[in-house]
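What follows is one structure encoded as structure tokens, with my remarks underneath.
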Amino acid sequence: MMKKTFGLCALLALIFTPLLPAQPAGASPRLRENFDAAWRFQKGDAPGAEQPAFADAAWRTLDLPHDWSIEGPFGENEATAGPGGYLPTGIGWYRKTFPIAAAMRGRKIAIEFDGVYMNSDVWLNGVHLGKWPYGYTSFAYDLTPHLKFGGEPNVIAVRVDNSAQPNSRWYSGSGIYRHVWLTATGALHVARFGTYVTTPKVSAEAAAVKIQTRLLNESAATQKVTLRTEIVDAENNNVIASTQTDTAVAAGEQALEQTIDVASPRLWSTRAPNLYRLRTTVERDGAALDRYETTFGIRSVAYDVDRGFLLNGEPVKMLGVCLHHDAGAVGAAVPEAVLERRLRLLQAMGCNAIRCSHNPAAPEFYDLCDRLGLLVMDEAFDEWTVRKPQIRHGYSEFFPEWSERDLVTMLHRDRNHPSIVLWSVGNEIGEQRAKNGPDVLRPLVEICHREDPTRPVTAAMDNIFTDQGPAPAAFVDLLDIAGYNYVDRWLDRRETFFGPDRSAFPQRRFVGTEDSGAGGARGGYAFRAVPVGTPERAAYASAPIRVEQLWKFALTHDYVIGHFMWTGIDYLGEARWPNKASSSGALDTCGFPKDSYYLYQSIFTAAPMLHLLPHWNWPGREGQIVPVLAYTNCDVVELTLNGRSLGAKAREFPRAGTKGGWNNYSTAPVSATTADLHLAWDVPYEPGTLKAVGWKAGKKVCEAEVRTAGAPAAIEISVDRETLRADGRDVAHVTVKIVDANGTLVPNADARVKFSVDGTGSLLAVDNGDPASHESFQAPERRAFNGQCLALVRTAATAGEIRIAVSGDGLRGATAVLHTTPAEKMSAPITTL
């Protein structure tokens, strides 16, 4: 269900005024309000803050989502240590005072939290509503019994306790870091996450859409109603098919099933992510009691033991990345515009699949994947009953009591998303080889099969094969698909990958749930002796080899479902001081591409591309060999230095085989100069210009150039979007480059850059992608890292202009002007604020 519903209908403004007129025809009987605005916050414990009369006037006022940990400062002795990125945690309190109109009496009003990290306790008017330990699943409370109506103030209080550290192997964030919502319904309504949509029959000609609807009657009397279900074309808003069922709903919950046939459906796929909306209306005597909408897609998913993953009957190789939930400078409270930019960058790299590592993501993440056409492996846990050695506290403390509740919550919340094609119940869990491992795994798989039999279940196993032999079949065979972490890690698997297990277990289905990427800090090129005692060489020249071998195997063996590289984007945590972040991504924390981004792009995409590395500023290495690499999907590339040819090299993958007879080829062989998927030249360094030209099928299709840069002279800026929504949430990304007098990026520039933002916006955060930088993300200045840094600018709620000025000592500055347009008018809220 699409949750970003900031407004309903302007006519609803009348419903919540003290003088209540008749409800306008066609107005929704279900009301949903974003409840993020104007909370008060205090970091540190505040005994008694759950009581309505508690004095909070001195507390800070802020809007959610909010992550207090990202505000820092970084400290080597912080309790989070390397796993948590050396950032502070502790205890925090949130309070909000709000009235509810008298006209709302008789309605059921609930508060929904998309995610709070962690150990949250919630009170309304001093009454404890409940505790929710896990920081990654959504939860809700019924406010109705404890609300005051008619303009009297209500006080919601939330205590967040993230003080037991370290409790995560990566940066978690702290606080109410996802959205909060108020929902108002009648006594008879569709239950929370109350629709379940599946497509058991799918073809280009027709599809059967099966809908299970859970109705909740919170009154004492049985009610006779009509359940009307319509399928709406999401693009044109036309009703294309519908059905209705008359039923009597007794007190409590009742599930109804309906099936709707759709002729000539527009199927959801990675190339054409077509979506539909399900409009569910509960009627009595012609009047709507509830209306509920669910976004879904029509598509079929299958996993064949020989052909791999099939989407709508066609094989699709999962070209995946693992992704943690933080977004660098904004921490765990990620604006949707920031998340969307990141996903689009990964998609442009050729990525078509995301693994949520190692926990459920925010609801808007799945909405974006639905819209963009990204496949998703949704993952529940990083721990079961065995604590990970890197941390002192973990989910193992909650698993016995909470695992079923958390898993069911994830499944119910997420199972209508067409993007989700695989459930994962765990990552590198300690029970893989334990005697009781199958007993812990079995109930988790059974829960997934019970709540959603349409998708298979996996777990990411790092001990499925070791030098002690394979994991017990009693454990692995419980999974629908075997998930291999680092399939090439152990012994001869370095070369044979899935091959031996394919022979030993011919009915097993294989996916690489986590595999090594090229990694490294953006723009860093080390020369060192490997092994120690050997001549110095460029470490970056070896970076692509392991990745290329992995993908050559996967792309030439149909039974391999795909791989998820570690990782798509750098993330905070899993670091060792002075680093505060992991640099394993193809994008850095700013979202700036590294060289490995183009390596993946050369393997995953077909449009001609060519990328050269390293930079060409090497003072002191004149005459010494500097390896130059080209990541490309061209057949042939010629490299020149200062106009002199250094020779043409060729790559071919997959190599053309004979067809129709000996020495007959459907395409002419390229006569490759390497079996690798990249090209390389050993070049004696001299300053100047490296230029590469690429050919495909005998035609010149692309060029790339790297120049020696002079001294830093100016600041160059670019903005990803010049027109934004004036909603207080939209975000623009301002990329800053330090260039020389000719406009060439200075690859080692570290000048301090200062930002000034005026008008209808403000500076949200700054970053530079340096994993070892301890500068504040909230400061209005930042050192460039290898020539670049980033500013995130957030809009205000007022339309107008945002003026951005960027300056640096001794550098020519730059400016930009952004325009913000009025956002969709927000409806009157459930409250009377």
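Tell me the residue from Thr185, Thr229, Thr199, Thr247 that is among the β-branched types (Val, Ile, Thr), free of Cβ contacts under 8 Å to residues at least 60 places away in the same chain and buried (at least 21 other Cβ atoms within 10 Å of the Cβ), please.
Thr229
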**Study point:** Scan of region 202-226 for residues that are buried (at least 19 other Cβ atoms within 10 Å of the Cβ) and within 28 Å of Glu314 (Cβ to Cβ), ordered by number
**Key:** Val202, Ala207, Val209, Ile211
Review point. Among the residues of region 254-274, is any within 24 Å of Arg32 (Cβ to Cβ), without any contact (Cβ under 8 Å) to a residue 24 or more places away in the chain and open to solvent by 50 Å² or more (accessible area, probe 1.4 Å)?
Key: no
**Study point:** Residue match in region 305-322 (condition: open to solvent by less than 10 Å² (accessible area, probe 1.4 Å), β-branched (Val, Ile, Thr) and more than 30 Å from Gly562 (Cβ to Cβ))
**Key:** no
Check your understanding: Does region 650-675 hold any residues that are in a strand (DSSP E or B) and open to solvent by 60 Å² or more (accessible area, probe 1.4 Å), and which are they?
Key -> Thr658, Tyr665
**Study point:** Members of region 119-134 found to be open to solvent by less than 20 Å² (accessible area, probe 1.4 Å), in contact with a helix residue (DSSP H, G or I) (Cβ under 8 Å, 6 or more places away or on another chain) and free of Cβ contacts under 8 Å to residues at least 40 places away in the same chain, listed by number
**Key:** Leu124
Exercise for review: Determine if region 508-528 includes at least one residue that is free of Cβ contacts under 8 Å to residues at least 12 places away in the same chain, more than 30 Å from Thr80 (Cβ to Cβ) and of a type outside the set (Gly, Ala, Ser).
Suggested key: yes
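Test Arg725 against the criterion of being closer than 21 Å to Ala749 by Cβ and open to solvent by 40 Å² or more (accessible area, probe 1.4 Å), and give yes or no. Can you show your working first?
On the way: closer than 21 Å to Ala749 by Cβ: no; open to solvent by 40 Å² or more (accessible area, probe 1.4 Å): yes.
Considered against the rule, which asks whether it is closer than 21 Å to Ala749 by Cβ and open to solvent by 40 Å² or more (accessible area, probe 1.4 Å), Arg725 comes out as no.
Would you mind stating whether Leu629 is in contact with a His (Cβ under 7 Å, 6 or more places away or on another chain), among the hydrophobic types (A, V, I, L, M, F, W, C) and buried (at least 19 other Cβ atoms within 10 Å of the Cβ)? Before the answer, list the steps.
On the way: in contact with a His (Cβ under 7 Å, 6 or more places away or on another chain): yes; among the hydrophobic types (A, V, I, L, M, F, W, C): yes; buried (at least 19 other Cβ atoms within 10 Å of the Cβ): yes.
Yes, satisfied.
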**Study point:** Whichever residue in region 762-779 is within 16 Å of Ala732 (Cβ to Cβ) and open to solvent by 30 Å² or more (accessible area, probe 1.4 Å) and, among such residues, is farthest from the chain's Cα centre (by Cα)
**Key:** Ser762
**Study point:** Sole residue being open to solvent by 30 Å² or more (accessible area, probe 1.4 Å), within 26 Å of His324 (Cα to Cα) and aromatic (Phe, Trp, Tyr), chosen from Phe74, Phe54
**Key:** Phe74
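Farther than 30 Å from Asp770 by Cβ, of a type in the set (Asp, Glu) and either open to solvent by 60 Å² or more (accessible area, probe 1.4 Å) or touching a strand residue (DSSP E or B) at 6+ places or on another chain (Cβ under 9 Å) (or both), is that true of Asp477?
Working: farther than 30 Å from Asp770 by Cβ: yes; of a type in the set (Asp, Glu): yes; either open to solvent by 60 Å² or more (accessible area, probe 1.4 Å) or touching a strand residue (DSSP E or B) at 6+ places or on another chain (Cβ under 9 Å) (or both): yes.
So Asp477 passes the test.
The values are calculated or read from the model by the stated rules, or taken from the named source; none is laboratory data. Small disclaimer: the values here were computed from a predicted structure and weren't measured. Heads up, the Cβs are rebuilt from the backbone with ideal geometry, glycines too, and the neighbour counts pull from every protein chain shown. For accessibility, only protein heavy atoms count, side chains too; no ligands or nucleic acids. Shrake-Rupley method; radii C 1.70, N 1.55, O 1.52, S 1.80 Å.
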